[in-house]
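Note sheet for the following structure.
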Amino acid sequence: MAERVTLSVIKADVGSIAGHHVVHPDQLAAATKILAEAKQKGIIIDFYVTHVGDDLQLIMTHTKGPDHPDIHGLAWEAFQAAAKVARELKLYAAGQDLLSEAFSGNVRGLGPGVAELEMEERTSEPVITFHADKTEPGAFNLPLFRVFADPFNTAGLVIDPKMHSGFVFEVYDVVESSSVLLKAPEEMYDILALIGTTGRYIVRRVYRKSDNLLAAVVSVERLSLIAGRYVGKDDPVAIVRAQHGLPAVGEVLEAFAFPHLVAGWMRGSHYGPLMPVPMRYAKVTRFDGPPRLIALGWNISRGKLIGPVDLFDDVAFDEARRQAQIIADYIRRHGPFMPHRLGPEEMEYTTLPDVLERLKERFVKQEARK
Ligand code: F6R
Ligand code: MG
Ligand code: MG
């Protein structure tokens, strides 16, 4: 039997240059050094370090399975090293996602975002890793639904016998910390009834129904809930396996050609279009955004990471980017008004309680008119 390999994508915002815009090259170098040493010691098989906006991204392969203290400890060490650089250079928000000084075996619940997928490597194993900034895990709900349940996006659902029976969605409730398995297409309307509420119900995993193969994983950490106060948007990551009885790479990417509105722009308090970009545009300068997504294409070969291919570096996504610009212009003109600004319960910054407190004597009760 082929050895099981785990792909771990762990990210954190540990500081950035000139605001919350982009990771400093010295931070990437510091994290790379830690992971290179671990590779040499045989703790991991392979790795790649990158960033999207102000989020440092560690992509690692190993045989230890998900949630392993060695791997999470290693990620923690790499983030600490990058945070140290941030402090030395006085970068902005140095160490912001490292919520606890003491590492206790698992980064889940500490701050960093985690997506891990354990697989038995197929004869050829094409995988996409997605990395987003200025948004939340629920941003993947709409595109993942389209990839794994919408025949108007994914032709294979209709014409590939291997995926014709559909997929199973694990939907996670971030408030109750519980999850439910729902089948597509049979329970499609129930799935949509939940995942349309992107701030609470999140597509966490997707399995192929015919054989339970794990096809996709999304990070579900909600930093604001973990910390009990705002400490930065929980900019998410996702892993999606593709081809040979799964959605083709092109079917997966197709779902991102529509720059849908997601929460998390400026001060984590605004909706904006999710713009699919190549790595060179993975920095967020307009109104700290708009929310950005990169997609990296890999083949996993005996645990080795072959790639990446910068998948949105394609003129075919120019129009999605242009639409995102138009949507950004349009929605920005709402300024402080909803629905550009999030609802009061979801805003990461607010003065509303103070304003209400100050004005409370000046509110005059009005009798209801007959
Ligand atoms: C951070 C983010 C930014 C900040 C904004 C204000 O990831 O999304 O939009 O919220 O730049 O940051 P502070 O309060 O640090 O000045
Ligand atoms: Mg970020
Ligand atoms: Mg940030």
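No value in this document is a laboratory result; all are computed from the given coordinates. This is a predicted model, so every value here is computed, not measured. Neighbour counts run over all protein chains shown; Cβ positions are idealised from the backbone, glycine included.
Sparse packing (at most 11 other Cβ atoms within 10 Å of the Cβ) combined with a DSSP loop state is found for the following GluC sites (Glu not before Pro) in the stretch 289-349: Glu345. Computed on the stretch 18-140, the Cα convex hull volume stands at 116 Å³ per residue. Take the Cβ atoms of Ser104 and Glu3, set R0 to 25 Å, and the FRET efficiency comes out at 0.30. The alpha-carbon atoms of the stretch 132-236, seen along their principal axes, cover 48, 25, 23 angstrom, with the largest extent given first. When the Gaussian network model of the chain links Cα atoms closer than 10 Å, the mean-square fluctuations of Asp211, Asp310, Asp26 top out at Asp211. Remark: the stretch 243-258, residue by residue, has Karplus-estimated 3J(HN,Hα) of 6, 6, x, 10, x, 5, 3, x, 6, 5, 5, 4, 5, 9, 6, 9 Hz, where x stands for each Gly or Pro and the curve is 6.51 cos²θ - 1.76 cosθ + 1.60 at θ = phi - 60°.
One quarter of the convex hull surface built on the alpha carbon atoms of the stretch 8-88 amounts to 4.6 nm², the projected area averaged over directions. Projecting label points 7 angstrom from Cα along Cα→Cβ for Ile326 and Ile306 puts them 4.0 nm apart. Short-range pairs are left out: with C-alpha atoms under 8 Å and at least six residues apart, the relative contact order of the chain is 18 percent.
For the stretch 68-157, the square roots a ≥ b ≥ c of the C-alpha gyration tensor eigenvalues yield an a/c of 1.5 or more together with a/b exceeding b/c, which makes the shape prolate. Equivalent ellipsoid of the chain: semi-axes from √(5λ) of the C-alpha gyration tensor, largest first, are 33, 27, 19 Å. The alpha carbon radius of gyration of the stretch 207-294, expressed as a multiple of 2.2 N^0.38 Å, is 1.28. Quick one: check the C-alpha center-to-center distance for the stretch 95-157 versus the stretch 247-279, whole angstrom. Here the answer is 14 Å between Cα centres. Taking the Cα of Leu89, stepping 7 Å toward and past its beta carbon, and measuring to each backbone N in the stretch 10-31: which are under 14 Å? Label zone hits: 14-31.
Of the chymotrypsin sites (Phe, Trp or Tyr not before Pro) found in the stretch 279-308, the ones in coil according to DSSP and having at most 16 other Cβ atoms within 10 Å of their Cβ are Phe287.
Cα centroids of the stretch 336-370 and the stretch 196-225: 34 Å apart. What pairs from Lys39/Lys64; Lys41/Lys90; Lys39/Lys283; Lys11/Lys209; Lys134/Lys183 go past 22 Å between their alpha carbons? Over 22 Å Cα-Cα: Lys41/Lys90; Lys39/Lys283; Lys11/Lys209; Lys134/Lys183. In order along the stretch 260-272, phi translates into HN-Hα couplings of 6, 7, 10, 8, x, 5, 3, 6, x, 10, 9, 8, x Hz, rounded to whole numbers, per the Karplus curve 6.51 cos²θ - 1.76 cosθ + 1.60 with θ = phi - 60° and x for Gly and Pro.
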